[in-house]
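The values are calculated or read from the model by the stated rules, or taken from the named source; none is laboratory data. The structure presented is a predicted model; accordingly, all values stated were derived computationally and were not measured. Here the Cβ positions follow ideal geometry from the backbone for every residue, glycine too, while neighbour counts run over all protein chains shown. These accessible areas exclude ligands, DNA and RNA; they are computed on the full protein's heavy atoms, side chains included. Shrake-Rupley method; radii C 1.70, N 1.55, O 1.52, S 1.80 Å.
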Amino acid sequence: MAYYITTAIDYPNAKPHIGHGYEKVLADALARWHRMRGEDVFYLTGVDEHGQKIEKSAEEHGKTPAAFVDEMVKHFIDMDKALNVSYDRFIRTTEKEHEKIALQIFEKVKEKGLIYKGEYEGAYCVGCERFYTEKELVEGKCPFHDKAPETIKTESYFFKMSQFQEALVKHIEKYPEFIQPDTRRNEILSRLKEPLRDLSISRTNFKWGVKIPGDEKHVLYVWFDALLNYISGLDYPGERFKKFWPANCQQIGKDILWFHAVIWPTILMAAEIELPRQIYVHGFLTVEGQKMSKSIGNVLDPIELVKEYGADRIRYFLLRDVSPKEDGDLSMKAFIERTNADLADSLGNLLQRTTVMAHKYFEGKIPKCGELKEVDKKLLETIPDTEELTKLMDEVQVNRAAEKIWEYISHCNRYINETEPWKEKDQERLGTIIYVLVENLRIIAHLVQPYMPEAAEKIVRQIGQELKTFKEAEFSTETTGEVKKAEILFEKKELPEEDEFSRLNLKVAEIKDVKDHPEADKLYVLEIDVGEKRQLVAGLKKYFKPEELKGKHIIVVTNLKPAKLRGIESQGMLLAAEKGDTVKVLEAPESRPGEQVAVQGIKPKGEQIKYEDFAKIEITTKDGKAVYKGKPLKTRTEEVKVKIEDGAKIR
Ligand code: MSP
């Protein structure tokens, strides 16, 4: 049986965060599950490299789009590697083959008279790479990016999407599993009550895209190009396409529902290609209850997380604690508690106790299975039925399936307590108990493999077995082999202690203007840009002339409670170093206003703090740099500088 699963392809305009990782891991668990069933699986993921958003980001980095994406794509491949994402193909939409197939579909649809040239004027959000109608905007701004869209007027090719409205609605109504979960399906059906408009599918206001042959000032609309990755990834219309299309499951996030539930199927209808069996819309992941954002500085890097905790722990938490149909949260506390309990304790202890006993009583040799007693049979009845679990997996209830598997693991632990092998005098009976445990561990390894591929390997290696398919992992009385000496599967982890430095939210600011404080001789009033305009009151008059300060890129504590200094409000505090009579301000000349300043390994939290809290944090200087506990304060691109002797006090 063939099983084809895809994820959205990520925009490589910035490094991936754990939200991107979550989607890939979710799809990976399904891919691995179906491989375990002995099916022929194809798992496609990749990156979406064209469009205005990428072109703009490249420009900001002073690179050509091609060089920029070549560099960025590595982070996405590294993320997949770190998280053990077992894709069969990683597609980049800049691949020549993909571009060719995208144009082939464009031509095919055009030949059928379903593409025409016209003119388009509308509000375009580059962040989303789409036009918005007045009605869709929230107070004139894009609902996802909180920014006013640009008005674009452009000659454009249009796809007659409107023609397919009826057919699409019929399809969605006929196949309830086509868009899942139901809440998303209903959302689309209700939006499809409004008339569907034709879709502008080319752009002339930028260049980075697939050029339309014979009309090269037009590039294909990035979404038209990107969606087709799902078939170009199978080398449409070749053998692989014939074998794997239609996709069994297409995983996407809730922000791109419209593209996948409306634009994608209508393109396929126009091209006379069968529709995928399912678009599955997972929720969004937050971190400690907050949306990840660069300005808050709480973006979690999946590669860093894996370095600290290993892929299995992260995969398990995301798959077990998050319900895919809803938004989920990654909090350190929940993460540590969940993985300590289920992995270190429950699963780890079962393996540990079993392997220790196999050595103590049988020198590591798997004993023979004697006659099974009631207690053994009762345990075997708790082995989950893989068909039932498959049903849950196919409904993307990976969390529920994990719950069932761990119930079974608990039964195995209880079995040890009930049979009390350490009291058993009968050697043959003792052998049977150990045998039953080893055999159940072999089954468990297969069941947890889609969640935790590394742990599954470790388990079978320790009990001298191999991973095969679910069929071959059914309980047998014939298993033989050598159990290795016990090794710890998962170390217990402690909740990382919070460093008080994390309470500081430091940012780069540019000094725009310097004025005398009308009421105080020693104070200046500074107008600064920290990504937004603010004013500071600072006691720098004794040390600097206004011209010396203007234009400097300084460091500001942005989350200090605003305070009035001689009648003027100071919205933050700049950092300066002091030693003897010398005072110097901290600087990050190459960094942009609003950029986060942090110390490696410490995430700023952003809640408001008082001056007294700040005063407790000891920042000092070393080799012309600002340091905290020996580590330099850094922006994205440079270390914070201050020209003063070592050991100055920063405040
Ligand atoms: N390039 C488009 C998709 C084209 S598919 C033909 C895109 N890229 S993206 O990088 O912005 O998002 C990639 C996927 O990650 C999307 O499915 C998106 O919903 C998902 N996520 C982005 N942030 C996320 C979370 N915080 N949590 C979970 N998924 C998240 O959209």
Legend entry - Close pairs (9 angstrom Cβ cut-off, 6 or more residues apart or separate chains): more than 20 Å from ALA509 (Cβ to Cβ) in segment 628-648, open to solvent by 70 Å² or more (accessible area, probe 1.4 Å) and in a loop (DSSP other than H, G, I, E, B) anywhere: LYS629/GLU618; LYS631/GLN600; LYS631/GLY601; ASP646/ASP623
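Yes/no matrix, rows are residues, columns are (1) modelled with pLDDT of 95 or more; (2) part of a helix (DSSP H, G or I):
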position: MET72; (1), (2): yes, yes
position: MET79; (1), (2): yes, yes
position: PHE106; (1), (2): yes, yes
position: GLY122; (1), (2): no, no
position: LYS135; (1), (2): no, yes
position: ASP146; (1), (2): no, no
position: LYS153; (1), (2): no, no
position: GLN165; (1), (2): yes, yes
Legend entry - Out of GLU177, GLU194, GLU173, GLU187, sole residue that is closer than 25 Å to ASN248 by Cβ, assigned to a loop (DSSP other than H, G, I, E, B) and among the charged types (D, E, K, R): GLU177
Legend entry - Given (1) surrounded by fewer than 21 Cβ atoms within 10 Å (Cβ to Cβ); (2) small (Gly, Ala, Ser); (3) farther than 17 Å from HIS282 by Cβ, index of the condition ALA358 fails: (1)
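Just the residues that are open to solvent by 10 Å² or more (accessible area, probe 1.4 Å) and either among the aliphatic types (A, V, I, L, M) or touching a Pro at 6+ places or on another chain (Cβ under 9 Å) (or both), please, taken from segment 409-428. Write out each step before concluding.
Going residue by residue through segment 409-428, those that are open to solvent by 10 Å² or more (accessible area, probe 1.4 Å) are 410-411, 413-414, 417-420, 422-428.
Once the filter is applied, which keeps residues that are open to solvent by 10 Å² or more (accessible area, probe 1.4 Å) and either among the aliphatic types (A, V, I, L, M) or touching a Pro at 6+ places or on another chain (Cβ under 9 Å) (or both), segment 409-428 yields GLN427, GLU428.
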Inset, instruction - Take segment 506-522 and flag every residue that is open to solvent by 30 Å² or more (accessible area, probe 1.4 Å) and more than 44 Å from the chain's Cα centre (by Cα). - result: LYS515, ASP516, PRO518, GLU519, ASP521, LYS522
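State all residues of segment 1-15 that are of a type in the set (Ser, Thr, Tyr) and more than 16 Å from the ligand (Cβ to nearest atom); if no residue qualifies, say none.
Looking only at segment 1-15, we keep the residues that are of a type in the set (Ser, Thr, Tyr), and these are 3-4, 6-7, 11.
Listed by number, the list holds a single entry, TYR3.
Quick grid of which residues meet (1) touching a residue at least 40 places away in the same chain (Cβ under 8 Å); (2) open to solvent by 10 Å² or more (accessible area, probe 1.4 Å); (3) in contact with a Ser or Thr (Cβ under 8 Å, 6 or more places away or on another chain):
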| position | (1), (2), (3) |
| --- | --- |
| PRO213 | yes, yes, no |
| ASP225 | yes, no, yes |
| TYR230 | yes, no, yes |
| PHE241 | no, yes, no |
| ASN248 | yes, yes, no |
| GLN278 | yes, yes, no |
| THR286 | yes, yes, no |
Inset, instruction - Kindly list, by first and then second residue, each pair from a residue in segment 597-625 that is surrounded by 12 or more Cβ atoms within 10 Å (Cβ to Cβ) to a residue that is aromatic (Phe, Trp, Tyr) and in a strand (DSSP E or B), limited to pairs with Cβ atoms under 7 Å and residues at least 6 apart or on different chains. - result: VAL599/TYR628; ILE619/TYR628
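Of the residues that sit in segment 626-644 and are of a type in the set (D, E, K, R) and open to solvent by 80 Å² or more (accessible area, probe 1.4 Å), which one is nearest to ALA14 (Cα to Cα)?
Pass one, segment 626-644, residues of a type in the set (D, E, K, R): 629, 631, 634, 636, 638-639, 641, 643.
Right, trim to open to solvent by 80 Å² or more (accessible area, probe 1.4 Å) and you get 629, 631, 634, 636, 641, 643.
On the way: LYS629: 29, LYS631: 25, LYS634: 18, ARG636: 12, LYS641: 26, LYS643: 32 Å.
Across segment 626-644, the extreme among qualifying residues is ARG636.
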Inset, instruction - Hey, could you check segment 260-278 for residues that are within 11 Å of the ligand (Cβ to nearest atom) and under 25 Å from GLN397 (Cβ atoms) and say which is farthest from the chain's Cα centre (by Cα)? - result: TRP264
Legend entry - segment 429-448, residues that are in contact (Cβ under 8 Å) with a residue 60 or more places away in the chain and out of contact with any Asp or Glu (no Cβ under 8 Å at 6 or more places or on another chain): GLY431, ILE434, TYR435, LEU437, VAL438, GLU439, ASN440, LEU441, ILE444, HIS446, LEU447, VAL448
Legend entry - Test set (1) more than 9 Å from the ligand (Cβ to nearest atom); (2) surrounded by fewer than 24 Cβ atoms within 10 Å (Cβ to Cβ) - HIS50 fails condition number: (2)
Inset, instruction - List the number of the failed condition for ILE115; all other conditions in (1) among the β-branched types (Val, Ile, Thr); (2) in contact with a His (Cβ under 8 Å, 6 or more places away or on another chain); (3) open to solvent by less than 20 Å² (accessible area, probe 1.4 Å) hold. - result: (2)
Inset, instruction - Restrict the check to segment 526-534 and report whether at least one residue is in contact with a helix residue (DSSP H, G or I) (Cβ under 6 Å, 6 or more places away or on another chain), part of a loop (DSSP other than H, G, I, E, B), modelled with pLDDT under 95 and within 30 Å of THR635 (Cα to Cα). - result: no
Inset, instruction - Scan segment 492-514 residue by residue and report those that are touching a residue at least 24 places away in the same chain (Cβ under 8 Å) and part of a loop (DSSP other than H, G, I, E, B). - result: LYS492, LYS493, GLU494, LEU495, PRO496, ASP499, LEU504, ASN505
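Let me confirm something: among GLU95, GLU99, GLU129, which residue is within 16 Å of the ligand (Cβ to nearest atom) and open to solvent by less than 20 Å² (accessible area, probe 1.4 Å)? Give the derivation first.
Numbers: GLU95 fails: open to solvent by less than 20 Å² (accessible area, probe 1.4 Å); GLU99 fails: open to solvent by less than 20 Å² (accessible area, probe 1.4 Å).
So the residue among GLU95, GLU99, GLU129 that is within 16 Å of the ligand (Cβ to nearest atom) and open to solvent by less than 20 Å² (accessible area, probe 1.4 Å) is GLU129.
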Inset, instruction - Could you please let me know if PRO246 is on the phi < 0 side of the Ramachandran plot, assigned to a loop (DSSP other than H, G, I, E, B) and touching a Lys or Arg at 6+ places or on another chain (Cβ under 6 Å)? - result: yes
Legend entry - Checking GLU55 against (1) within 27 Å of PHE241 (Cα to Cα); (2) within 15 Å of the ligand (Cβ to nearest atom); (3) touching a residue at least 60 places away in the same chain (Cβ under 8 Å), the condition it does not meet: (1)
Inset, instruction - Can you give me the number of residues within segment 16-32 that are over 16 Å from ASP321 (Cβ atoms), more than 8 Å from the ligand (Cβ to nearest atom) and within 9 Å of the chain's Cα centre (by Cα)? - result: 1
Inset, instruction - Select, from ASP342, ASP329, the only residue that is over 30 Å from LEU228 (Cα atoms), within 11 Å of the ligand (Cβ to nearest atom) and not in a loop (DSSP other than H, G, I, E, B). - result: ASP329
Inset, instruction - Considering each residue of segment 440-493, count those that are of a type in the set (Asp, Glu) and open to solvent by less than 20 Å² (accessible area, probe 1.4 Å), and give that number. - result: 0
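Would you mind finding the one in LEU234, LEU257, LEU228 that is near the ligand (Cβ under 10 Å from one of its atoms), over 29 Å from ASN399 (Cα atoms) and of a type outside the set (D, E, K, R)? Before you say what the answer is, go through the steps one by one.
Details: LEU234 fails: near the ligand (Cβ under 10 Å from one of its atoms); LEU257 fails: over 29 Å from ASN399 (Cα atoms).
On inspection, the qualifying residue turns out to be LEU228.
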Inset, instruction - Starting from segment 22-36, take each residue that is part of a helix (DSSP H, G or I) and list its partners that are among the basic types (Lys, Arg) and surrounded by 23 or more Cβ atoms within 10 Å (Cβ to Cβ), counting only C-beta distances under 6 angstrom and pairs at least six apart or across chains. - result: VAL25/ARG315
Inset, instruction - Filter segment 185-219 down to residues that are at pLDDT 95 or above and in contact with a His (Cβ under 8 Å, 6 or more places away or on another chain) and give me whichever is farthest from ALA167 (Cα to Cα). - result: TRP208
